[in-house]
Amino acid sequence: MTSVPGVVAPAMNPMMGRQQGPQGWASINELKKDYDVRIVEPTAEEIPAAVKTLVLLHAKNLSDKTLWAIDQFVLRGGRLVACVDPFNVKDMLASRDQQNPMMGGMGGEGPSTLGKLFEAWGVGYDASRVAADLTAATRLNSGNGRAEENPAFLSLKAGHMAKDDLLVGRLTQVMFPFAGAFTFTKKDGLTFEPLITTSPDNSCLLSGHSVRYGLQAMKNELVADKDGRVVAARLTGDFKTAFPKGPDGTNDVSKALMEGKGAVLLFGDADFLADDFCVQVINTPFGQMVQPMNDNLALFANVIEQFAGRSELIGVRSRGVSNRPFEKVDKLEAAALKKWQAKESELQGALQETQQRLSALQRQKSGNDRLILSKEQQDEIVQFRKKQADVRRQLKNVRKELTADIDSLGLRLKVLNVIGVSLLVIAFGLFRGWKRRRH
């Protein structure tokens with residue numbers, strides 16, 4: 001492949017040095033094999049003319065002068081890949097690791113957005129909200145030895161992709177940890193094309209605060225509202241500047257572009273390109289090797305290849321793919337997750353009530369009696385344990401019902417296939433016999 005000028009900017013991690021690739025970012029290291037990858041600082045006030053494709057990875061707190069540079073880059077025909085993020089996991093972990101000097105300099109934890117550029121382009125993006133989808137939940141370790149299905153940690157399947165778009169039409173699964181969502185207000189000359197969307201029947205938006213504290217904190221907000229969220233989209237057409245009076249508002253725009261044709265790829269997540277969420281490292285006799293765990297790397301490679309090519313290739317449609325996702329199974333799993341959450345909430349409520357009653361009984365005692373469980377406290381504990389066992393049994397039944405429903409669906413399909421094929425063979429035989437009699 002011909003080497004095409006490109007850039008990754010601003011870098012999320014200062015370990016992305018000038019000569020060596022970043023540790024923990026196989027997606028960027030892969031780019032260096034085919035492209036001239038450069039680093040642009042988050043304080044840059046100009047994008048070099050040689051740069052044809054600009055990739056922003058969780059670029060936070062950009063000044064108007066830097067936004068102006070990006071604005072002018074797009075207006076001159078540059079291709080922009082903007083990975084913004086309302087809740088960046090890598091950023092959060094780095095900001096917490098205060099004792100590791102190699103992880104410093106991140107500028108603090110927080111969301112990223114393109115602010116005034118989004119406004120000028122008609123793109124709506126709330127950096128305080130995270131998209132959730134019950135049909136795309138990822139099983140995560142909750143930290144107390146238990147696993148939980150987290151619907152804000154998106155594992156998006158083929159059914160969430162735009163089937164006729166070459167960028168995503170052949171992908172089977174991508175992982176977006178805590179992604180933001182985009183909306184679009186029509187702008188003359190601009191076309192907004194959703195590429196990856198959450199399911200409309202099982203999606204909602206959650207506050208970044210609740211996402212931070214896990215599934216238990218999300219439950220009150222986890223209510224589907226019949227509205228799919230766009231987590232990746234393409235924006236093409238005639239762009240107008242977001243700074244008609246210049247970045248300083250001084251009207252010194254004699255050499256500036258006011259409009260121009262451009263192409264922008266929007267992602268509501270930046271973590272999807274980090275190694276933790278797209279590859280696994282395998283030890284082999286030949287050393288460590290990186291193996292993709294999903295289609296995140298393929299998605300990024302598709303984007304760069306398309307944006308670094310001819311402008312006619314951007315937005316080319318495909319004929320689609322022949323395989324279809326198991327939508328019925330996804331719906332069954334989403335329904336089971338809702339039941340599971342309701343039963344778990346019931347258990348937590350019972351635990352809280354029991355704790356309150358035990359505390360009330362404890363306050364009634366004095367002196368050495370506080371060290372001995374009263375008859376009432378023992379009865380409360382016994383009752384709670386019975387309730388706990390009952391709810392846990394119901395949780396197991398929910399899982400069994402899901403398995404039974406899926407098995408029943410599979411059995412019906414098998415029977416239908418067997419009977420259907422048999423009937424077709426019989427019908428064909430009768431038809432052939434009838435035709436032979438006529439001749």
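The values are calculated or read from the model by the stated rules, or taken from the named source; none is laboratory data. Remember, it's a predicted structure, so these values are computed and weren't measured experimentally. FYI the Cβ positions are ideal-geometry reconstructions off the backbone, even for glycines, and counts take in every protein chain you see.
Of all residues in the stretch 221-246 being within 19 Å of Thr197 (Cβ to Cβ) and of a type in the set (A, V, I, L, M), which is surrounded by the fewest Cβ atoms within 10 Å (Cβ to Cβ)?
Val223
One line per residue, one yes/no per condition, for (1) assigned by TED's automatic domain parsing to the domain that holds Leu265; (2) at pLDDT below 95; (3) not in a loop (DSSP other than H, G, I, E, B); (4) not hydrophobic (A, V, I, L, M, F, W, C):
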residue: Ala11; (1), (2), (3), (4): yes, yes, no, no
residue: Pro22; (1), (2), (3), (4): yes, yes, no, yes
residue: Glu30; (1), (2), (3), (4): yes, yes, yes, yes
residue: Arg38; (1), (2), (3), (4): yes, yes, yes, yes
residue: Pro42; (1), (2), (3), (4): yes, yes, no, yes
residue: Leu93; (1), (2), (3), (4): yes, yes, yes, no
residue: Gln98; (1), (2), (3), (4): yes, yes, no, yes
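Do we have any residue at all in the stretch 71-82 that's over 20 Å from Phe272 (Cα atoms), at pLDDT 95 or above, among the aliphatic types (A, V, I, L, M) and more than 26 Å from the chain's Cα centre (by Cα)?
yes
Looking only at the stretch 123-142, which residues are surrounded by fewer than 24 Cβ atoms within 10 Å (Cβ to Cβ) and either within 13 Å of the chain's Cα centre (by Cα) or without any contact (Cβ under 8 Å) to a residue 12 or more places away in the chain (or both)?
Once the filter is applied, which keeps residues that are surrounded by fewer than 24 Cβ atoms within 10 Å (Cβ to Cβ) and either within 13 Å of the chain's Cα centre (by Cα) or without any contact (Cβ under 8 Å) to a residue 12 or more places away in the chain (or both), the stretch 123-142 yields Arg129, Ala137, Thr138, Arg139, Asn141.
When only residues in the stretch 133-143 that are at pLDDT 85 or above and not in a loop (DSSP other than H, G, I, E, B) count, which is farthest from Arg212 (Cα to Cα)?
So the residue we want is Thr135.
Of the numbered conditions (1) more than 30 Å from Arg76 (Cβ to Cβ); (2) part of a loop (DSSP other than H, G, I, E, B); (3) more than 15 Å from the chain's Cα centre (by Cα), Gly228 fails exactly one; give the number of that condition.
So the condition that Gly228 fails would be (3).
Consider Arg234 carefully, then state whether it is touching a Leu at 6+ places or on another chain (Cβ under 7 Å) and either polar (S, T, N, Q) or in the same structural domain as Pro86 (by TED's automatic domain parsing) (or both).
Spelling it out, Arg234 is indeed touching a Leu at 6+ places or on another chain (Cβ under 7 Å) and either polar (S, T, N, Q) or in the same structural domain as Pro86 (by TED's automatic domain parsing) (or both).
All but one of (1) surrounded by 17 or more Cβ atoms within 10 Å (Cβ to Cβ); (2) aromatic (Phe, Trp, Tyr); (3) out of contact with any helix residue (DSSP H, G or I) (no Cβ under 6 Å at 6 or more places or on another chain) hold for Phe176; state the number of the condition that does not hold.
(3)
Just name the residue that is surrounded by the most Cβ atoms within 10 Å (Cβ to Cβ) out of those in the stretch 144-173 that are in a loop (DSSP other than H, G, I, E, B) and either of a type in the set (D, E, K, R) or without any contact (Cβ under 8 Å) to a residue 60 or more places away in the chain (or both). Don't jump to the end; show me each part of the working.
Here is the first cut: in the stretch 144-173, the ones in a loop (DSSP other than H, G, I, E, B) are 144-146, 151-152, 162-164, 166-172.
Then keep just the ones that are either of a type in the set (D, E, K, R) or without any contact (Cβ under 8 Å) to a residue 60 or more places away in the chain (or both); that gives 144-146, 162-164, 170.
Working: Asn144: 6, Gly145: 6, Arg146: 8, Ala162: 20, Lys163: 15, Asp164: 13, Arg170: 17.
Step by step, filter the stretch 144-173, then rank; the result is Ala162.
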